[in-house]
Amino acid sequence: MSAGTENAASEVILIQDTRMEVLISEDAIQNRLKAMAAEINAQYKDSQNLVVIAVLKGAFLFLADLVRYITVPCEIEFVRLSSYGNQMHSSGQVRPVDLSLPNLADRDVLIVEDIVDTGLTMQFFTEYLRSLHHTRSLRLAVLLDKPEARKPEAKELVLDFVGFTVGNDFMVGYGLDKAGLCRNLPFVARVIQ
Ligand code: IMP
């Protein structure tokens, strides 16, 4: 899409010591993922060698649900990158924790990421893949896009499949954490400071 988020004001709730309001419900996420998967299935309908690479930790739920709606054959790989530490703002430094991947030469590669904020993490990772692997194609599927937070260094970054466009707030739930907590919430919520 970029689909907007739900408009109805929701109540402030306290979960795992964090005040938040639900922004995107479990149902809205699942409905949007079905539509995204339909776009992905159409894009890769003739592909015989799709590799989906999920970026841990945040993309674990998004990946698990999205791939169940993907009907084209695909392999699944994982990398782990870190840029937020325990803070609620990007450190500006991308820390590759685990980048082990098979040879991706001539493969169709789809990166699955939870959120693009400053864009520095995906800028780093797409440049890394382009410099080391001669992929057949390289695309990016993100659950949340926070365009207002984008840094100039990442302004060229192309998001091929976007779940929801959100404002410049700190989000938790559905894989996204605050100091390690809240990843297991089935919805996306906006943190209320
Ligand atoms: P970027 O490099 O600033 O685009 O951010 C990439 C990573 O920072 C994401 O994969 C998340 O792990 C984390 N992040 C960015 N924004 C948020 C947020 O609102 N909530 C939780 N984590 C976030």
Qualifying positions in the range 61-85 - more than 11 Å from the ligand (Cβ to nearest atom) and not β-branched (Val, Ile, Thr): LEU61, LEU63, ALA64, ASP65, LEU66, ARG68, TYR69, PRO73, CYS74, GLU75, GLU77, PHE78
Neighbours by Cβ (under 7 Å, 6+ apart or cross-chain): first from the range 22-41, in contact (Cβ under 8 Å) with a residue 24 or more places away in the chain; second assigned to a helix (DSSP H, G or I) and of a type outside the set (A, V, I, L, M): GLN30/ASP65; LEU33/ASP65; LEU33/TYR69; LYS34/TYR69; ALA37/TYR69
Condition broken by LEU110, with the remaining ones in (1) of a type in the set (A, V, I, L, M, F, W, C); (2) within 10 Å of the ligand (Cβ to nearest atom); (3) in contact (Cβ under 8 Å) with a residue 60 or more places away in the chain satisfied: (2)
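Residue-by-condition table, conditions (1) over 18 Å from LEU144 (Cβ atoms); (2) touching a helix residue (DSSP H, G or I) at 6+ places or on another chain (Cβ under 8 Å):
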site	(1), (2)
SER25	no, no
LEU33	no, yes
MET36	no, yes
TYR44	yes, no
LEU56	no, no
ASP65	no, yes
PRO73	yes, no
ARG80	yes, no
Any chance ASP169 is part of a loop (DSSP other than H, G, I, E, B) and among the acidic types (Asp, Glu): yes
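Have a look at LEU61, LEU104, LEU99 and point out the one that is in contact (Cβ under 8 Å) with a residue 60 or more places away in the chain and out of contact with any Pro (no Cβ under 7 Å at 6 or more places or on another chain).
Numbers: LEU104 fails: in contact (Cβ under 8 Å) with a residue 60 or more places away in the chain; LEU99 fails: in contact (Cβ under 8 Å) with a residue 60 or more places away in the chain.
Sole residue among the options that is in contact (Cβ under 8 Å) with a residue 60 or more places away in the chain and out of contact with any Pro (no Cβ under 7 Å at 6 or more places or on another chain): LEU61.
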Candidate set: the range 120-162, residues that are exposed (fewer than 15 other Cβ atoms within 10 Å of the Cβ) and among the polar types (S, T, N, Q); chosen: the one nearest to LEU110 (Cα to Cα): SER137
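Within the range 32-55, which residues are outside any helix (DSSP H, G or I) and crowded, with 18+ Cβ neighbours inside 10 Å? Working first, answer last.
Applying the first criterion (outside any helix (DSSP H, G or I)) to the range 32-55 yields 44-55.
Passing the criteria: TYR44, LEU50, VAL51, VAL52, ILE53, ALA54, VAL55.
Here are VAL166, VAL97: which of them is within 13 Å of the ligand (Cβ to nearest atom) and buried (at least 21 other Cβ atoms within 10 Å of the Cβ)?
Testing whether each residue is within 13 Å of the ligand (Cβ to nearest atom) and buried (at least 21 other Cβ atoms within 10 Å of the Cβ) leaves just VAL166.
Among the residues of the range 61-81, which ones are within 20 Å of GLY119 (Cα to Cα) and surrounded by fewer than 17 Cβ atoms within 10 Å (Cβ to Cβ)? Let's see the steps before the verdict.
From the range 61-81, those within 20 Å of GLY119 (Cα to Cα) are 62-63, 78-81; that's our starting set.
The one that is within 20 Å of GLY119 (Cα to Cα) and surrounded by fewer than 17 Cβ atoms within 10 Å (Cβ to Cβ): ARG80.
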First in the range 145-157 and part of a helix (DSSP H, G or I), second anywhere and away from the ligand (no atom under 12 Å from the Cβ) and polar (S, T, N, Q), Cβ under 8 Å, 6 or more apart: PRO147/THR165
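Laboratory data are not the source of any read-out in this text; all were calculated from the coordinates shown. From a predicted model like this one, the values you see are computed outputs, not experimental measurements. Ideal geometry is used to build each Cβ from the backbone, glycine not excepted, and the neighbour counts take in all protein chains shown.
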